[in-house]
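Following: one structure in structure tokens, then a few remarks.
Derivation of every value follows stated rules applied to the coordinates shown; laboratory data play no part. Quick caveat, the model's predicted, so the values are computed rather than measured. We place every Cβ from the backbone using ideal geometry, glycine too, and count neighbours over all the protein chains shown.
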Amino acid sequence: MDSTEPEESAGGARRPGRPDDEELRARLDPLQWKVTQEAGTEPAFTGRYWNHHEDGTYHCIVCDAVLFDSDTKFESGSGWPSFTDPADTAAVETVEDRSHGMVRTEVRCANCGAHLGHVFPDGPGPGGLRYCMNSASLEHRAS
């Protein structure tokens, strides 16, 4: 592949900020790869951050972009880490997801295109959103 040509993300979009497959396969475990690169979902109540309460920021496991802040994390009862808002609205992007016979809104890292999870209109914050993320797509950094 030409080095100036961007890599593909989970949704097929090509991203210049995404590391190449060889680097990612060496760095990510199989679940992290499946979630971020194949738009997979980890089983509920199994991820390391669903019941995590430490202050800090949550970064993209693929490109290290800051995605969420612990101040917006809440207990949704869903079994996945849930947030009312991203750290910055430009940090994530959303796309319609019609997989599995449903219509949902997929959330991706705006920098590298990694699949993060989905956003639903049933959150407790002023915007009423619940960003339901896969722990496998995140890395927490304590503040």
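Some notes on this structure:
- Sorted by Cβ density within 10 Å, fewest first, the residues Trp50, Trp33: Trp33, Trp50
- Each semi-axis of the equivalent ellipsoid for the chain is √(5λ) with λ an eigenvalue of the Cα gyration tensor; in descending order they amount to 24, 16, 14 Å.
- Taking the chain as a whole, the Cys residues whose C-beta sits 4.7 Å or farther from every other Cys C-beta are Cys132.
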